[in-house]
Structures are given as structure tokens and as C-alpha cells.
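Colleague: Have a look at the structure that comes next, please.
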Amino acid sequence: MKYISNEELRNLIAQWFKEDIGDGDHTSLSCIPETAIGCQQLIIKEEGILAGVEVAEQVINYFDPELRTETFLRDGAHVRPGDIAFRVYGKVLSLLQVERTMLNIMQRLSGIATTANRYQSLIQDTGCRVLDTRKTTPGLRLLEKEAVAIGGGTNHRIGLFDMILLKDNHVDFAGGITAAITRAQAYCKKNDKQLKIEIEVRNEDEIREALQTNGADRIMLDNFTPERTKEAVGIIRDWEQQNGRHIEIESSGGITLGTLRDYALCGVDFISVGALTHSVKSLDMSFKAVK
């Protein structure tokens, strides 16, 4: 796993099973013999990008190390209805208790990977990259961001600790664009932090002020129309030529599949899309007994 350690993942898995099983799966315990052995297979029911296979293997192994998994498709595979991702062999009681927890995480992560792939594919020829955001499920951020990457999207900052992103509220509370950027620079210098500084701007005047401070690594154009975005890109690129310094440009705010390409063609480097994680549809799949 890219972001999460095995220990962190196992702690998560323990919580997932505690939530689902409680003091026992009384349905399975009431009708399945303790000694019953069987096999179940993960069947794909919808076209998309597969993600969560590594997590599923960990979930299965955590619950019952004696279960044996035969994996046919790995994370990042383009899957279609009828594909078999893997089969699991072992105690039927264990298979039944693992089923829902494993499916929940695989369906969600695959849904995120599929969504990221759909967005990035629309602008692949432009050189622009689709970014995720911090609009993630509490407790699942690291896995969801990894799913974005599996689908071909690009991760923005992981949290509040690995980049400085001065948004509108920061700017307003700090007293303006210049104050926010210069304070961020001073903070990094004082605390020996090598962090990128990004500034969110709302209009052309704020763009020019941000450029004048010469302290931001990236400028985020918040809720600009494609027309205003094109003008903003022109302002920033002209400044770059005069000053010999590259500034990354990010578009953000209500950008959909229908408008994504219009923004990418304006020449921005990144487009951040909260919908990659906050409102995805899970990819349909099932875990069925093999008779």
C-alpha cells in the first residue's frame, strides 16, 4: 500500500469487523456446520477500474489466516461484467463473515478508481491532471486517495500537514493575499518546513497581488468560468515570461464531467474535483458461492 502501513490497515480492519460482527454472526452460526469447507468468488457486475484487491487480501487474511485466496485480477485492472477477480477457499463460516466487510471496501475503492479514470481520460491529451481533495470519508482517506491514484488521478495534499493551502477564509482572516503569503513564507522559514505554498484567488486583482508577492508555488482559480480561467492563465503565463519563474495553476469549484475539458483546454496544470471521493457510486460486484 502506498500511504498506509500494514499496522494501520490491520487496526482499521479490526474496527470494521467489530462494527459488523459484534458478538457473533448468529445467522451463519445457526445454520452452517463448524467443519463446512467451501469456496466463494468475487464476480464483477459492472465495467470499471478495479481497486481494493490488496486491501481485500488483508481483510481475508486478518479474519482467518487459513483462508486461501487465488487472485486473477490486480488493482488497476479494467474489468467488465462477468470477470472473476479472485476466489477464496476455506471454512464457510469464515467466508460468510468476511463477505460484507470485504465487499464494502472493494466496491467503494473501485468506484473511486473508476470515477478518477473517467475524469482523467477526458483530458489525457491536454497534459492537465485531475486532483482529488480532502473531501474523503473519515478514517478511509488514505485508502480513498490510493484508489484515486489507481484510477489514474493525481493526489493533492494528503492532509493539513504536507502543503500550505491558503484558502479564502485564511486570506480573509490573515488580512489579505499579501499578508497570508508572507506569513506562510515566514512560518516555513522559522520552522524549517519545505512546504509548497498554494493560494486561492477569487478575481484578477487577487491574481496580480499573489504574483506580486512572488511567494506562491501554485495559484488556485476558485469558481472561475472557463472564459475567466483563460484570461487568468494568460495573466499568469505573461508574468512567468517576465520573471523567469513557473507558477502552477489549478482550477477548482463545481467542475463536472461536462465542463472538465473546457477548463483543461484553458492551459491549467491541475483541476481539483471533490466528486472523485465525496459522491462516487460504488462499483457493483458480488461474492458468490462456487458450487
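Colleague: Please work out which one of (1) part of a strand (DSSP E or B); (2) more than 30 Å from Gln120 (Cα to Cα) is the condition Ser30 fails and give its number.
Modeller: (1)
Condition check ((1) open to solvent by less than 90 Å² (accessible area, probe 1.4 Å); (2) touching a Cys at 6+ places or on another chain (Cβ under 8 Å); (3) small (Gly, Ala, Ser); (4) within 14 Å of Ile105 (Cα to Cα)) across all residues:
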{"residue": "Leu12", "(1), (2), (3), (4)": "yes, no, no, yes"}
{"residue": "Gly24", "(1), (2), (3), (4)": "yes, no, yes, no"}
{"residue": "Gly38", "(1), (2), (3), (4)": "yes, no, yes, no"}
{"residue": "Val55", "(1), (2), (3), (4)": "yes, no, no, yes"}
{"residue": "Pro65", "(1), (2), (3), (4)": "no, no, no, no"}
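Colleague: Consider Gly111 carefully, then state whether it is within 18 Å of Met285 (Cα to Cα), in contact with a helix residue (DSSP H, G or I) (Cβ under 6 Å, 6 or more places away or on another chain) and not aromatic (Phe, Trp, Tyr). Spell out how you get there, then give the answer.
Modeller: On the way: within 18 Å of Met285 (Cα to Cα): yes; in contact with a helix residue (DSSP H, G or I) (Cβ under 6 Å, 6 or more places away or on another chain): no; not aromatic (Phe, Trp, Tyr): yes.
Criteria not met by Gly111.
Colleague: Shifting gears a bit: Can you pull out the residues in region 247-262 that are touching a helix residue (DSSP H, G or I) at 6+ places or on another chain (Cβ under 6 Å) and either over 19 Å from Arg134 (Cα atoms) or of a type in the set (Asp, Glu) (or both)?
Modeller: Across region 247-262, the qualifying residues are Ile247, Leu260, Arg261, Asp262.
Colleague: Residue under question is Gln97, and the condition is that it be modelled with pLDDT of 95 or more and farther than 16 Å from Val280 by Cβ; does it hold? Reasoning before the result, please.
Modeller: Values: modelled with pLDDT of 95 or more: yes; farther than 16 Å from Val280 by Cβ: yes.
Here the answer is yes, as Gln97 does meet what is asked.
Colleague: Another question about this same structure. Please indicate, with yes or no, whether at least one residue in region 63-74 is within 23 Å of the chain's Cα centre (by Cα) and modelled with pLDDT of 95 or more. Working first, answer last.
Modeller: Here is the first cut: in region 63-74, the ones within 23 Å of the chain's Cα centre (by Cα) are 73-74.
Keeping just the survivors that are modelled with pLDDT of 95 or more gives 73-74.
Yes, that holds for at least one residue.
Colleague: For region 156-173, does any single residue satisfy the condition of being of a type in the set (S, T, N, Q), modelled with pLDDT of 95 or more, at negative phi and touching a Leu at 6+ places or on another chain (Cβ under 8 Å)? Step through it out loud before you land on a result.
Modeller: Residues of region 156-173 of a type in the set (S, T, N, Q): 169.
Filter once more, so that each one left must be modelled with pLDDT of 95 or more: 169.
Now drop any that are not at negative phi, which leaves 169.
Checking which are touching a Leu at 6+ places or on another chain (Cβ under 8 Å) leaves us with none.
No.
Colleague: Right, next: Out of all the residues in region 85-137, which are within 17 Å of Gly48 (Cβ to Cβ), surrounded by fewer than 19 Cβ atoms within 10 Å (Cβ to Cβ) and of a type in the set (Gly, Ala, Ser)?
Modeller: Once the filter is applied, which keeps residues that are within 17 Å of Gly48 (Cβ to Cβ), surrounded by fewer than 19 Cβ atoms within 10 Å (Cβ to Cβ) and of a type in the set (Gly, Ala, Ser), region 85-137 yields only Ser121.
Colleague: Return the pair list, or none, for Cβ contacts closer than 9 Å from residues in region 82-109 that are farther than 22 Å from Ala147 by Cβ to residues that are open to solvent by 40 Å² or more (accessible area, probe 1.4 Å) and assigned to a helix (DSSP H, G or I), at least 6 apart or on different chains.
Modeller: Pairs that qualify, where the first residue is farther than 22 Å from Ala147 by Cβ and the partner is open to solvent by 40 Å² or more (accessible area, probe 1.4 Å) and assigned to a helix (DSSP H, G or I), are Leu93/Leu29; Ser94/Phe63; Leu96/Thr27; Gln97/Asp20; Gln97/Phe63.
The values are calculated or read from the model by the stated rules, or taken from the named source; none is laboratory data. Only a predicted model underlies this, so the values are computations on that prediction, with no experimental measurement involved. So basically every Cβ, Gly included, is an ideal-geometry build from the backbone, and we count neighbours across all protein chains shown. For the accessible areas, the whole protein counts, side chains as well, though only heavy atoms, and no ligand, DNA or RNA atoms are used. Shrake-Rupley method; radii C 1.70, N 1.55, O 1.52, S 1.80 Å.
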